[in-house]
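Heads up, the thing below is written out as structure tokens.
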Amino acid sequence: MNTVSAPDAPYVDDQGSTLLDLARFLQQGGADATLELDGIRRKAANELQRYGQDIGSHLAVLGIRIPPAVQLTMLADGSRLHVENDHPQKAEIEAFLQKESRLVKWFKEIEVLHEILRRIDLRRSLNPDEASLENFSIGLTSVGCIAFFTSK
């Protein structure tokens, strides 16, 4: 997500529905299907990379520079994306995101994939009540997009 030379037009990913793909993935083997964790990990990583390229190109066209990094989270009521950190162009980023329901929907799909992986990875050590005290975030950095959880 290099913003040194901003493109004239943003890259728009023709993303499908991640959750629909996941449902198909789960149904492939019928009732006895086994879920391949590596497949979900690949899907989550791919979606995150594509999301970063898409949103990064839009921000570049708007003249929004990365770095500094941008931390995106969903508001508690699930109504819109919010810039959690103090980026100098925070207001412009949030104004752009309010007009982009496609990117908000895609964020939620990526969040679901990462929550599934997190619960599987921590199924023994994470109390379900503790999991509800976490927020999913996507970080837009100069070297790409990262997904992480923070305490509420």
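The values are calculated or read from the model by the stated rules, or taken from the named source; none is laboratory data. Only a predicted model underlies this, so the values are computations on that prediction, with no experimental measurement involved. Every residue, glycine as well, gets a Cβ built from its backbone with ideal geometry; the counts of neighbours run over all protein chains shown.
The figures follow:
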quantity: Cβ-Cβ under 6 Å pairs, at least 6 apart or on other chains, region 134-148 side among the small types (Gly, Ala, Ser), far side part of a strand (DSSP E or B) and modelled with pLDDT of 95 or more; calculated: 137/71; 137/73; 137/148; 139/71; 139/146; 147/138
quantity: Tabulated pairs, region 66-80, first farther than 17 Å from residue 109 by Cβ, second surrounded by fewer than 13 Cβ atoms within 10 Å (Cβ to Cβ) and of a type outside the set (Lys, Arg), C-beta under 8 angstrom, 6+ apart or interchain; calculated: 68/88
quantity: Matching helices (runs of 4 or more DSSP H) fully within region 34-152 where at least 3 residues are over 18 Å from the mean Cα position of the chain (by Cα) and over 25 Å from residue 8 (Cα atoms); calculated: 128-131
